[in-house]
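Single-structure report; data block below.
The values are calculated or read from the model by the stated rules, or taken from the named source; none is laboratory data. These figures come from a predicted structure and were not determined experimentally. In this analysis, Cβ positions are derived from the backbone assuming ideal geometry, glycine residues included, and neighbour counts consider all displayed protein chains.
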Amino acid sequence: TRFFFRSVLSLLLCCEEHAYQQFIGCAFNNEGQVSRFWRYGYDGRDIMHVDLAKEAVVATSEPGQLLAEERKSKEYIKRKEARLVKVCSAVKTVFLKSNNSLSRAGKSAVYHSKPAVYVSSGGEKDQEYLKCAVHGFYPNIIRVRWTQNRRPVYFGVSTTGVLPHKDGTFQMISYLSLSNVSAQSVTCEIEHLSIDGILRIAYGKSLTSIKDTSDESEASLSLNLMNISQET
């Protein structure tokens, strides 16, 4: 059995409509950790990654070449490796101490807990945002996204990732900047094993549930454990 955890950092550059992201991950099997990674994205594209074996930052696209050149020092690689060791250790510790241990997480869940969903607004003038808070769901595989006219919204979106509750369920919060969209035109959509179809909730509106008749599917097991806002 193989377990995968992902932590996401999104840095949104307001007004320019660009998103810089870092993805850090740890993979486990029954015998322990088998791999870990640190990747970088820009506007939804993979631009570079840390190659721990080669002790190098490898550019995978033209935008990443300059950034990779600035991060080629051995000290930078060692810092990333040390950070990954710390994050992966924390991931494993959380699951070992919670009701959702690594062994339990790998089994098919027979118990499903339906999420409670709330959409609210926040922020000051010119920095307003919507918040879609999803609480109390189990298992931890879930899809939360913003849509406008039934089309996914990618820019201006950030998320906490999936976080554990003390009661064994999970929570997640997704934020949407209102710098370029209207609060009345967007909807928070949730897909989960406990839901027959898709839950949709708009700001100031009631929760609705529809059957999903499309072939599109997307799921991620994600966990945001540590503040990595200072990492570059």
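Table: residues versus (1) farther than 30 Å from Glu124 by Cβ; (2) modelled with pLDDT under 90; (3) surrounded by 16 or more Cβ atoms within 10 Å (Cβ to Cβ).
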site	(1), (2), (3)
Ser158	no, yes, yes
Leu163	no, no, yes
Met172	no, no, yes
Gly197	yes, yes, no
Ile201	no, no, yes
Ser206	no, yes, no
Asp212	yes, yes, no
Ser222	no, yes, yes
Gln230	no, yes, no
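Mind checking which strands (runs of 3 or more DSSP E) fall wholly inside segment 1-66 and carry at least 1 residues that are over 25 Å from Ser179 (Cβ atoms) and at pLDDT 65 or above? Even if it seems obvious, please write down each step before you answer.
Details: elements: 3-13, 18-29, 32-42, 45-51, 56-59.
Result: 18-29, 32-42, 45-51, 56-59.
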Reported set for segment 141-156 where residues are surrounded by fewer than 18 Cβ atoms within 10 Å (Cβ to Cβ), among the β-branched types (Val, Ile, Thr) and within 13 Å of the chain's Cα centre (by Cα) is Ile141
For segment 164-185, pairs from a residue that is assigned by TED's automatic domain parsing to the domain that holds Arg200 to a residue that is among the aromatic types (Phe, Trp, Tyr) and not in a strand (DSSP E or B), with Cβ under 6 Å and 6 or more apart or across chains, are Ala183/Tyr203
